[in-house]
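Novice: Questions regarding the structure given below will be posed in turn.
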Amino acid sequence: MRLRMLSLLVLIGSFAVSPLGAQAASAEELLARLDHNETSASAHSVGSITVEDRFGTKVSAFESWSQGADRSLVVFTAGEEKGQKILRLKDTIYVSYPEADKPVKIQGAALKDSVAGSDFSYEDMAGDRSLASRYSPRVIGQESLGGEACTILELRAKKPGVAYPLLKIWVTSGGDGRKVEKYSQNERLLKTQEVLAVIKTAGRTVASKLALSDALKGKSKTLFELTKIELDIAVPPSKFSLEELTF
Amino acid sequence: MKKSRVQKQIWTMAVRNITRRPRRSVLSALAIGVAALTVTLLFSLIDGVKFDMATNLQRYTTAQVLVEDRGLVRAGAQALAYTVPEVSTLIPRLAARPGVVAVSPRITSGGSVFQDGDAVFFGLMGQDFATDPMQLKEFLAPGGRLPVAGEREALISSGLAQKLGIQAGQTLTVVTQTRRGSSNGMTFTLTGVVQPNLGVFQTPWLFTSFETAGRLTKLGDAATGLLITADGDPAAVAADLTPLVTAVSPELTARPWFQTSTTWGLMDLAGIIYGFIALIFCALASTVVINTMLMVVLERSREIGMLAALGMDQRDIRNLFLAESAVLSGLGALTGVVLGCVVAAVLSVTGLDYTEAMKGVNMGVSNIIRPQLLVQTPIITFVLATGVALVFTLVPVGRLRKLAIVDALRGEL
């Protein structure tokens, strides 16, 4: 399970249950299953982001498309962000706004800004999607989560400059992420993501409801829900172009 | 001999004695004069800064009364979280109150422009250009015009224009945070460049209409502040408006302008501190008078003995020297005060240019500071300079308290 995917871009088809067996797996094997499960050839999804903060509850609906691990497009269809589009091309994030004539490339400190007011940042969306290429895993324990036996993987960044130097992921034996905790360099908890529900589609199991909280924000809480997901469908490559962002 | 006649003779003798050593007398008077000139300029500069700060606070930040959320001061960057709600209904109600001339809503936040791989941050202000006390049209560069309300048009400060290398007529796409922490972007057509006469506005700023800023920040029917232009006592107007604003939200406050700024509060303290500095100036200058009077007393010990032997009482002898000191310091102080007034009057026209020093400094003081010469300033300075000198003169004159005529006649005091 990947943070990025967990949040807004569930669209990418993460959390598919792999048929790999129930036998005990090493940390490296579990991480490989996670990486494998979270990527699909393409995906289309419809869902909503519900944010609860000091002002109350805010709901934004979105539709998204993805292709492989590097390209995705999110279009907000209702709520305060209606009309906004977020395009991810590898490490680069572009956002277009209804009243802006051209897309804005999000960079620098702005990558830490919130997506749609949620506890999810642009930084969470960017970067290499392969956990194995960026983190060294080790098993630090076992825990039952929602009645399901999970292995707790501790992932430490191989190189500096990674948004979250330390991750703890609760993984099922099939390689599905059930919970993620993201930590800073000094091992302070920054964000927590938890799978609340899953749906089955095209023979795979996908997380359909995710809760995300930002420890630094205090009382805020974000809920991602998918109402529809289609995997391995045909998505025209033009969908992931800057032209798609122009209104 | 009548007392008044003695007093008159004392003053005559004092003036005559002063002219006996003209160079020394001029030096003493000069010391007091320089101190009086400096103090006059110091006071007029402080008054100039206070006047300027009061004017700027009311023009750029608060008007005469400011309505805002109590949490705004503490919030800092998350200013949009603390707003004045229901402004469309609140503004007419406030405007109908006695003493209120205009109510102008504002949205103050921040935004960024992404250029060449870097984010350039700027202050964002949405205002009602017609009623806002800032009156940005007065700072418009030639060829510019005010943005139309509700349109995607904006003015930029010269600081932002320089930083981005853009000018009026071009477009600018900006991103800002909304009240709920989301982001929103907008492309503006720049209708002009402004340079308000305040250091903080030399930094990057973007000004657009209140309506447009509201749309950009998704504030809805809210503002970050309401600026009340009032023609009465600001404190009384604020007190009158308080029940109206707290009825909308108990977190709202209506405060007179002088209660909104910590810097303004510090100016009163600064006034006391500068008063002490002025006192020290005068005291330092008075050391020259002490020295002069001490020398005078020692030089004229035989003369003092003679006057005492002829029947002049000790108090009159002391008064003679005090009169000399009063004339010296009075003349010096008068000259210094007059010169100080002239210099202050000239500087109040030409101004002191602190543009570079004040760049980016948010003290609410203009780039060009003009000293203000109040009526009481020369009077206070004159009294201070002369009074301190007289008090200090008591030190050498005190030697005459135990005057022994015989010793004095021998030249031993």
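Novice: Quick one: A:GLY68 ticks every box in (1) free of Cβ contacts under 8 Å to residues at least 40 places away in the same chain; (2) at negative phi; (3) small (Gly, Ala, Ser) except a single one, so which number is it?
Specialist: (2)
Novice: If a residue must be modelled with pLDDT under 90 and either loosely packed, with under 14 Cβ neighbours inside 10 Å or over 19 Å from B:GLY123 (Cα atoms) (or both), how many such residues does the stretch B:58-96 contain?
Specialist: 6
Novice: Among the residues of the stretch B:115-174, which ones are within 15 Å of B:THR191 (Cα to Cα), assigned to a loop (DSSP other than H, G, I, E, B) and within 14 Å of another protein chain (Cβ to nearest Cβ)?
Specialist: Once the filter is applied, which keeps residues that are within 15 Å of B:THR191 (Cα to Cα), assigned to a loop (DSSP other than H, G, I, E, B) and within 14 Å of another protein chain (Cβ to nearest Cβ), the stretch B:115-174 yields B:GLY150, B:GLU151, B:ARG152, B:GLN170.
Novice: Would you point out which residue out of B:VAL120, B:VAL148 is surrounded by fewer than 16 Cβ atoms within 10 Å (Cβ to Cβ), in contact with a Pro (Cβ under 9 Å, 6 or more places away or on another chain), among the β-branched types (Val, Ile, Thr) and in contact (Cβ under 8 Å) with a residue 12 or more places away in the chain?
Specialist: B:VAL120
Novice: Any idea which residue in the stretch B:205-227 is nearest to the other protein chains (Cβ to nearest Cβ), counting only those that are closer than 20 Å to B:LEU146 by Cβ and among the charged types (D, E, K, R)?
Specialist: B:ARG215
Novice: Just need a number here: residues in the stretch A:210-229 that are out of contact with any Gly (no Cβ under 9 Å at 6 or more places or on another chain), in a strand (DSSP E or B) and of a type outside the set (A, V, I, L, M, F, W, C).
Specialist: Counting residues in the stretch A:210-229 that are out of contact with any Gly (no Cβ under 9 Å at 6 or more places or on another chain), in a strand (DSSP E or B) and of a type outside the set (A, V, I, L, M, F, W, C) gives 3.
Novice: Would you check if there is a residue in the stretch B:182-203 being part of a helix (DSSP H, G or I), within 14 Å of another protein chain (Cβ to nearest Cβ) and among the polar types (S, T, N, Q)?
Specialist: No, because not a single residue in the stretch B:182-203 is part of a helix (DSSP H, G or I), within 14 Å of another protein chain (Cβ to nearest Cβ) and among the polar types (S, T, N, Q).
Novice: Moving to a separate point now. So which residues in the stretch B:353-379 are out of contact with any helix residue (DSSP H, G or I) (no Cβ under 7 Å at 6 or more places or on another chain) and surrounded by 15 or more Cβ atoms within 10 Å (Cβ to Cβ)?
Specialist: B:TYR354
Novice: Now a separate question. Of (1) more than 22 Å from A:PHE240 (Cα to Cα); (2) surrounded by fewer than 20 Cβ atoms within 10 Å (Cβ to Cβ); (3) touching a residue at least 12 places away in the same chain (Cβ under 8 Å); (4) more than 14 Å from chain B (Cβ to nearest Cβ), A:ARG54 satisfies all except one. Which?
Specialist: (4)
Novice: Within the stretch A:79-162, which strands (runs of 3 or more DSSP E) (wholly inside it) include 2 or more residues that are more than 10 Å from chain B (Cβ to nearest Cβ) and more than 18 Å from A:SER184 (Cα to Cα)?
Specialist: A:85-89, A:92-96, A:135-145, A:148-157
Novice: Here's another thing I want to ask about it. Please count how many residues of the stretch B:204-226 are within 23 Å of B:ILE369 (Cα to Cα) and in a loop (DSSP other than H, G, I, E, B).
Specialist: Residues flagged as within 23 Å of B:ILE369 (Cα to Cα) and in a loop (DSSP other than H, G, I, E, B) within the stretch B:204-226 amount to 1.
Novice: Further question on the same structure: Tell me which residues, restricted to the stretch A:26-43, are more than 19 Å from A:MET125 (Cβ to Cβ), buried (at least 19 other Cβ atoms within 10 Å of the Cβ) and not aliphatic (A, V, I, L, M).
Specialist: Matches in the stretch A:26-43: A:ARG33 only.
Novice: Among the numbered criteria (1) under 25 Å from the mean Cα position of the chain (by Cα); (2) closer than 14 Å to B:ALA36 by Cα; (3) surrounded by fewer than 15 Cβ atoms within 10 Å (Cβ to Cβ), which one does B:VAL349 miss?
Specialist: (2)
Novice: Just name the residue that is nearest to B:PRO234 (Cα to Cα) out of those in the stretch B:246-266 that are aliphatic (A, V, I, L, M) and surrounded by 15 or more Cβ atoms within 10 Å (Cβ to Cβ).
Specialist: Step by step, filter the stretch B:246-266, then rank; the result is B:ALA254.
The values are calculated or read from the model by the stated rules, or taken from the named source; none is laboratory data. What you see is a predicted model; the values in this text were computed from it and never measured. So basically every Cβ, Gly included, is an ideal-geometry build from the backbone, and we count neighbours across all protein chains shown.
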